[in-house]
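Here is the structure we will look at.
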Amino acid sequence: MANNAPASRPANPRFSSGPCAKIPTFELTKLSDAALGRSHRAAIGKEKLKTAIEETREILGIPSEYKIGIVPASDTGAVEMAMWSMLGARKATMLAWESFGSGWVTDVVKQLKIDAEVKEAGYGEIVDFAEVDFNTDVVFTWNGTTSGVRVPNGDAIPADREGLTICDATSAAFAQDLPWDKLDVVTFSWQKVMGGEAAHGMLILSPRAVERLEAYTPAWPLPKIFRMTKGGKLIEGIFKGETINTPSMLAVEDYLVALDWARSVGGLKGLMARADANAKVIWDFCEANGWIANLAVDPATRSNTSVCLKFTDDRIKDGATFAKAVAKRLEKEGVALDIGAYRDAPAGLRIWCGATVETSDLEALMPWLAWAFEAEIEAQSETA
């Protein structure tokens, strides 16, 4: 039977998991108010940075007593700042179920050489939080960007914990409901759910995290870029828009535009609903087709942003080669860009479903995914 290409195409083929698709209403003219050529320490620069912080607080519902800072080096920089500045005061527990979580394990165990218990789960699964000792400092990702699994809720994290919870939430913030009372450090970058430009990270600290910073001095030297205290007191300016290094005011303006769009679609609830609707398109497609499945083992842990898929057809001889060929075929057709699985993840696809992606584009993509699958099955049989 002829495998005809679908008639409709996604209006926007950008399904990258970072940097992610810009907001649907994006135009370069929207950045015309950027404070270009102005110092970030001038009144106009400080005001824009402070506005970015406070609008982040408003949309995400971050408690007023939590500190929010804009820091360098994207989400990675924010996580590193937290680990290098706060860990070592007590035993740590490192939770990993994908490549970025494994990276934090390497930093803590091999670089900082901290006494730590490492709990790992394979791709598609998460660690059992009921078995975690939260009297230790616990480091984990909320949503596995490269594995497509997320923590379903914070119920297993005790309110009376003695340790800090340090949460990398870069592909969760603005798409999933984060329990702020259970999280002491939260990090993310603008380039994920908000489709912002790279290089800027957000670092959010609970009062317990601030207390740790002011009471504890690590045994190792801290690079200037990581220092958040002076004379045993928090450098408050960092959390009022006085950034450690020079930020891109163009990127700041882009983030402000994205935050304004977020309010227009209903704030956090609206953003979550958009991501949920997007992910459901793919989940439904997987249920209707036996040759593809969600990498997440438990439906309760399926990510609604970085949806990771695996091919399950017995006819596929080389999973990695097949998945790459499907992704390449879709890119050549201009219907899906950058959807190959992460290099360290199992062979398959990764399709971003965050709020900046339109549901209609994912609906248009699904027939193309079926078309590419059939085309590669046929090509494989021809070369056998």
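So the values come out like this:
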read-out	value
Yes/no for Ser189 being touching a residue at least 40 places away in the same chain (Cβ under 8 Å) and either in contact with a Gly (Cβ under 9 Å, 6 or more places away or on another chain) or acidic (Asp, Glu) (or both)	yes
Which numbered condition Phe373 misses (of (1) part of a helix (DSSP H, G or I); (2) open to solvent by 30 Å² or more (accessible area, probe 1.4 Å); (3) among the hydrophobic types (A, V, I, L, M, F, W, C))	(2)
Some residue of region 336-349 being assigned to a helix (DSSP H, G or I), within 26 Å of Phe174 (Cβ to Cβ), open to solvent by 10 Å² or more (accessible area, probe 1.4 Å) and hydroxyl-bearing (Ser, Thr, Tyr)	no
Residue identified as part of a helix (DSSP H, G or I) and among the small types (Gly, Ala, Ser) among Ala175, Ala219, Ala209, Ala156	Ala209
Residue selected from region 141-186 under the condition closer than 16 Å to Phe129 by Cα and among the polar types (S, T, N, Q), by the criterion nearest to the chain's Cα centre (by Cα)	Asn143
Residue list for region 169-178, filter: open to solvent by 10 Å² or more (accessible area, probe 1.4 Å) and either in contact with a Phe, Trp or Tyr (Cβ under 6 Å, 6 or more places away or on another chain) or more than 17 Å from Asn304 (Cα to Cα) (or both)	Thr170
Filtered residue count, region 199-219, keeping only those that are open to solvent by 50 Å² or more (accessible area, probe 1.4 Å) and touching a Phe, Trp or Tyr at 6+ places or on another chain (Cβ under 8 Å)	1
Enumeration of residues in region 328-384 that are of a type in the set (Gly, Ala, Ser), under 18 Å from the mean Cα position of the chain (by Cα) and closer than 17 Å to Pro10 by Cα	Gly354, Ala355
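The values are calculated or read from the model by the stated rules, or taken from the named source; none is laboratory data. Bear in mind that the values here come from a model prediction, so they are computed numbers and not experimental data. Neighbour counts run over all protein chains shown; Cβ positions are idealised from the backbone, glycine included. Surface accessibility is based on the protein's heavy atoms, side chains included, excluding ligands, DNA and RNA. Shrake-Rupley method; radii C 1.70, N 1.55, O 1.52, S 1.80 Å.
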